[in-house]
Structure formats: structure tokens, C-alpha cells
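Student: First the structure, which I've put down as C-alpha cells, then a few questions once you've had a look.
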Amino acid sequence: RVPALKDASLLVSQAYVAGEWTDASGGKTIPVTDPFDGALIAHVPDLGAEDARRAIDTAHAVQKEWAKRTAKERSRILKAWYDLIIENADDLALILTTEQGKPLAEAKGEVISNAAYIEWFAEEAKRIDGDIIPGANAGQRILVLKQPVGVCAAITPWNFPNGMITRKVGPALAAGCTMVLKPAAQTPLSALALAVLAERAGVPKGAFSVITTSEAKPIGEEFCRNPKVAKITFTGSTNVGRWLMREAGDSIKRLSLELGGNAPFIVFDDADLDAAVEGATASKFRNAGQTCVCANRIYVQESVAEAFAEKLAAKATSLRLGRGTEEGVTMGPLIDDRAVAKMEDHLQDALSKGGRVLVGGKRSDLGGTFFEPTVMTGITQSMKVTKEETFAPLAPIITFKDEEDVIAMANDTEFGLASYFYAKDMARVWRVAEALESGMVGVNTPALANEMAPFGGIKQSGLGREGSKYGIEGFLEIKYVCLAGM
Ligand code: ADP
């Protein structure tokens, strides 16, 4: 199934290694399929560690020259890349939906809102300011310089095949770093299309490579062990994040990790209930529940719990499942059978411990990996749905008595990416926002990510921040120069 693009050259079946479009030696390929029905879209090269090494060598060779360019030049190239992404947003969205399954409008939203990270960091490139500090001794000054960390390696997941790349490559190139990217095997086409546009925008050959592969581990090992790689930036599961941290530990590489979440979504009795229902629907069912910041556990205060559950159930049943490219479709399939199996496991576990299905609770008649949006009540803290990230359209509702109670339950997790709560009382808003253990808190909103805000987690949800003025810091080292003899 080849998507009907306005610019067919954006659908590429070669990888972009060290500035050259290449096949795998031996011609090995990976099929890329449409999760709607498993139809074949394209083949991409199945590369190995030696290809990653070649990309790293070139990234290392060109990095100094890239960093030497003026901030304004780097900024101009990034701005050109941003413009090309926006011009081609329809095609990029179509490629994304075809390989990932999310509704086209969501895909286009992903492309545009994440291209904004490139635009933002194109601007920030010009504001990598240093500092001058008075000397500690007579005749001295302390100069603080910020310099690029060097070659960066990025590993990205399939749930945001476009956006997870632009928010990593944007700040890296802006800072004067170069980057070798390994996208998820399920969704390499979005990454390659971005590389086509990067090349067109004037990103120098070798400053950005895309390594497509079916075997992540050897590439991960190369990234972690190659002394030319200074930093690894990863978005994905906490388990892989742990492994990368251990592997990269030997050479003390810089790390940014955006890992799993287990976001609590809390509705207090003073909340605007309809707004809370809207928010929970967007948070839970966007991308069929396959986002790291999506509501995993929904806590509702006793007096409003029944009304909330009914309204959420009505919303869930109003979602239209189908092929992402079809007009009016609001939820696509899950990415694969493994994702469906996890949803079913969490559902069964909850049922066996006293949970009840209000709506959904089964695979959709559409077949494949479609699952009906599901709302459950009678949920407790001992169930998998509250302990683990479900990553599927399952909304489990837990009732609570008071604020202290719900904060203790919300924080009872090793994760700390996002939290959400709906309330009006200002004192409560402050108290709860400060008490929740997560890197991001949405108060009366489910929408947290944008290029101007620092996105990231605490606890075992990760290290570092993406976006905002803080987002470039992970790609910079501080050098202090002691200037004496004045
Ligand atoms: P998911 O379960 O969502 O696929 P993963 O953390 O397994 O989450 O995958 C996220 C990204 O990490 C993907 O690009 C995947 O290929 C990659 N990945 C998985 N295992 C490794 C590994 N050992 N080394 C490097 N990358 C890996």
C-alpha cells in the first residue's frame, strides 16, 4: 500500500548513512506494514552495527566543522528544514498514518506541533550564551563557555514516529552537535522522509544519519560503546532505558531518557466535570492510548465518580474506529499483537480482582489489532492497570475520599512522567501541583507537550528535558576558563 503523496520522493526505501542513500550490504531488508490490515507499504534496509559505526565516524568527522559555523548559519538551515516540513506536512502525515495507524488529523498535528521544536531550537541556537563571573582572586575572571557535546546518538519509538525525531535532532544540530538516529523498526518511513527534507534544507552530509534495522541491540551496543559517541538520547520503555544507562555507563556518556509513565488523572469534586471528561478522553484515547504521557489511572472523588464514569463511557462509545486515512475516524488500531495482548492481560487481571467493564472490554469487530475503547470501574491499587503502563485504550476508574488519600495513591509508583488533575480551588491547585511526584503536571488540561515547555520525567521516567530553553542544555557542555594575569 503506497500512500498517494504529492511528492513521491518523500517515500524512501534506502537508509541515509554518512550522507549517502544506501542499501544494506547483502541487500537485507525489513518490510514496513500498515497496522490497519498488515498490508505491505515498503521495504527498508536492515542495517547492522558496521553501518552505525560508519555513520558515527562521519558524524564525528563533520561535527567540528558544523559547530564552527555561526549560530546564525545553523539557525538558517534549521529554519529551512522547518519550512520544508510544514510545506510537506500533508505527505508526512500520510506516511505517518500509513505506517503507524493513527488518524490522519492526529498525524498532521504531530508533524506540525513537533516541527515547532526545530523552529524553536533554530531560534535558541543564537542564544547559547556564556557567562562572565568575577574572579575569585585578584587579576582573574571566570569565563563560562557552552560548547556542543559532540556526536549524539538517538533511538526513537514507533508511537510518535515523526515528532520524537524532530524534538531530538532540532536541539542537537542547533547546539552544533551531529546525530545518528535509529528509528523504530515499525515506523522507519517517517524518519527517512525527515532525512530527505533535512538534506534538502542544507544539513551537511553526515551531520544526520538514519540507520534502519530490525535488530536494535547491536546498534544500541555500538552507540553505547563507540568512544566517538558523546551522548545518547532515547525515548522508549523504562527497561530499554535501564539497559542503555548500564551499557553507556562504562564510558560515562551523557544521557537523556524519556521513559515510561503511569500518569494519574485526578478529578476533584470541585472540578468542571465536562471539562474533566473531555480532558480524560483526549488524554486516554489519543493515539489509541499509546502515548507515554497518557492517563493510565483515573482517580475520581466519590461524590462525582458515578456521573464522571457515565460521561466518560458515553465519550468512549462515540469514538469512531477505523483506518486512519478515512474521514471522521478518531481512533486507529493498536500497533501490533503484543500491544493487544498487554491490554487483554490488564483487563483480565482487573476483572479477576473485582473490576467491572462499563463499556468496551473486547476486541473490535474491525478485527486485526483494533480494540474497543474501554472504561472500567471498581478498580483498586492492587491491579496491573494501576501499577503498570497499559499503553492501550483502557480507562480504569478508581474512586477516592480526600486529597491526602489520592496524592498517596498517585505517587505510589516508580514512574514520574506526567500527572493531571481537575480542580478549581486555588489553594488546592497549588498544594496538589506541588505534591504530585512527576516532571509535568497538567492542571485542568490534558495537553502538556509543546516546544516552549520542558518535557520530561522524574523518578524512573527519565533524565533530562526536551523543549524550552532547558532543552538545549543536554546537548551542551559547560567549559570554565580561568583568565588570570590581568
Ligand atoms: P516499545 O515496547 O514501545 O517498542 P522499546 O523501548 O522496546 O519500546 O523501543 C523503543 C526504541 O528502542 C525502538 O527504536 C527500539 O528498536 C529500541 N530498542 C529496543 N531495544 C533496544 C536495545 N537493546 N538497544 C537499542 N535500542 C533498542
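Taken together, the values in this text are just the output of simple stated rules run on the coordinates, not laboratory data. This structure is a prediction, so every number in the text was calculated from the model and none was measured. Cβ sites come from the backbone with ideal geometry, for glycine too, and all protein chains shown count toward neighbours.
Student: Please find the FRET efficiency linking Lys72 to Val481, where r is the Cβ-Cβ separation and R0 is fixed at 22 Å, and quote it to the nearest 0.05.
Tutor: Working from the Cβ atoms, E equals 0.40.
Student: Turning to a different aspect of this structure: How big is the charge dipole of the stretch 115-272 about its Cα centre, in debye rounded to the nearest 20, if each Lys and Arg gets +1 on its Cβ and each Asp and Glu gets -1 on its Cβ?
Tutor: 780
Student: Taking every Cα atom in the stretch 125-230, find the radius of gyration and the maximum pairwise distance Dmax, and write them in Å.
Tutor: Cα-based Rg and Dmax for the stretch 125-230 come out at 17.7, 61 Å.
Student: Considering the options Ala313, Ile298, Ala433, tell which one lies farthest towards the positive end of the dipole of the chain, charges being +1 on Lys and Arg and -1 on Asp and Glu at the Cβ, about the Cα centre.
Tutor: With unit charges placed on the Cβ atoms, the residue in question is Ala433.
Student: For the stretch 363-409, what Kirkwood radius comes out of the mean inverse Cα-Cα distance, in Å? Intermediate results must be reported in sequence, preceding the final value.
Tutor: Numbers: mean 1/r = 0.0804 Å⁻¹.
After inverting the pairwise mean of 1/r, the radius is 12.4 Å.
Student: For the stretch 432-486, treating each Cα as an identical point scatterer without solvent, what Debye log10 I(q)/I(0) comes out at q = 0.14, 0.25 1/Å?
Tutor: Log-scaled intensity ratios, in q order: -0.51, -1.08.
Student: Within the set Lys126/Lys217; Lys126/Lys228; Lys6/Lys342, which residue pairs have Cα atoms separated by over 32 Å?
Tutor: Lys126/Lys217; Lys6/Lys342
Student: Still on this structure, please answer the following. At 7 Å along the Cα-to-beta-carbon direction for both Ser9 and Glu87, put a label point, then send me their distance in nm to one decimal.
Tutor: Simple spin-label model gives 1.1 nm for this pair.
Student: Taking N as the number of residues in the stretch 288-441, what is its alpha-carbon radius of gyration divided by 2.2 N^0.38 Å? Don't skip to the answer; put the middle values down first.
Tutor: Values: Rg = 15.9 Å, N = 154, 2.2 N^0.38 = 14.9 Å.
Output field value: 1.06.
Student: How high is the relative contact order of the chain, in percent, with contacts defined as C-alpha pairs under 8 Å that are six or more residues apart?
Tutor: On the way: 1141 pairs, mean separation 87.3, N = 486.
The value is 18 percent.
Student: Suppose each label sits 7 Å from its Cα in the direction of the beta carbon; what would the Trp21-Asp269 distance come out to in nanometres?
Tutor: 6.4
Student: On to the next question. Compute the whole-percent fraction of alpha carbon pairs in the stretch 75-193 spaced more than 19 Å apart.
Tutor: Of all Cα-Cα distances in the stretch 75-193, 52 percent exceed 19 Å.
Student: In addition: For Gly442, which sequence-distant residues (separation of 5 or more, or a different chain) have an amide H within less than 5 Å of its own amide H, given hydrogens modelled in the peptide plane?
Tutor: Excluding prolines and chain starts, which carry no amide H, the hits are Ser419, Tyr420, Phe421.
Student: Now for a separate question. For Met179, Met383, Met452, Met245, what's the fewest-to-most ordering of other Cβ within 10 Å of each Cβ?
Tutor: Lowest count first: Met452, Met245, Met383, Met179.
Student: Here's a follow-up. If you count the DSSP beta bridges with both ends in the chain, what percent of them are antiparallel, to the nearest 5?
Tutor: Counting only bridges with both partners in the chain, antiparallel ones make up about 40 percent.
Student: Okay, moving on. In degrees from 0 to 90, rounded to the nearest 10, what is the angle of the helix 238-249 Cα long axis to the longest principal axis of the chain?
Tutor: Around 20 degrees separate the two axes.
Student: How long are the semi-axes of the equivalent ellipsoid of the stretch 389-479, taking √(5λ) for every eigenvalue λ of the Cα gyration tensor, in whole Å from largest down? Write out the running numbers ahead of the final one.
Tutor: Values: eigenvalues 144, 49, 35 Å².
The three semi-axes for the stretch 389-479 are 27, 16, 13 Å.
Student: So if I place +1 on the C-beta of Lys and Arg and -1 on the C-beta of Asp and Glu, and nothing else carries charge, what would the dipole magnitude of the chain be about its Cα centre? I want it in debye, nearest 20.
Tutor: 1460
Student: If the chain between Leu40 and Met426 were fully stretched, how many nm would it gain, using 0.36 nm times the residue separation less the Cα-Cα distance?
Tutor: Values: separation 386, 0.36 × 386 = 138.96 nm, distance 5.30 nm.
My answer for the length gained is 133.7 nm.
Student: With θ set to phi - 60°, apply the Karplus curve 6.51 cos²θ - 1.76 cosθ + 1.60 along the stretch 104-109 and write out the HN-Hα couplings as whole Hz, x wherever there is a Gly or Pro.
Tutor: Result, rounded to whole Hz: 4, 5, 5, 4, 5, x.
Student: Oh, and also: Mind checking the dipole of the stretch 119-212: about its Cα centre, +1 per Lys or Arg Cβ, -1 per Asp or Glu Cβ, Debye to the nearest 20?
Tutor: 160
Student: Determine, from the Cβ-Cβ distance of Gln381 and Asn450 and an R0 of 35 Å, the FRET efficiency 1/(1 + (r/R0)^6), rounded to the nearest 0.05.
Tutor: 0.65
Student: Using a Förster distance of 30 Å, how high is the FRET efficiency between Glu327 and Glu306, based on the Cβ-Cβ distance and rounded to 0.05?
Tutor: Efficiency at R0 = 30 Å is approximately 0.30.
Student: Turning to a different aspect of this structure: Output needed for the stretch 197-313: three equivalent-ellipsoid semi-axes, defined as square roots of 5 times the C-alpha gyration tensor eigenvalues, in descending order, whole Å.
Tutor: They are 42, 18, 12 Å, listed largest first.
Student: Compute the relative contact order of the stretch 45-137 as a whole-number percentage, counting only Cα pairs closer than 8 Å that sit 6 or more residues apart in sequence.
Tutor: With pairs under 8 Å counted, the relative contact order is 32 percent.
Student: Hey, another quick one. Mind checking the angle between helix 89-100 and the chain's longest principal axis? C-alpha axes, 0 to 90 degrees, to the nearest 10.
Tutor: 60
Student: Something else about it: So for Leu189, Leu194, fewest C-beta neighbours within 10 Å to most, what's the order?
Tutor: Working: Leu189 27, Leu194 30.
Result, fewest neighbours first: Leu189, Leu194.
Student: Something else: Extent of the chain along each principal axis, from alpha carbon coordinates, in Å, largest to smallest?
Tutor: Per principal axis, max minus min of the Cα coordinates gives 71, 63, 39 Å.
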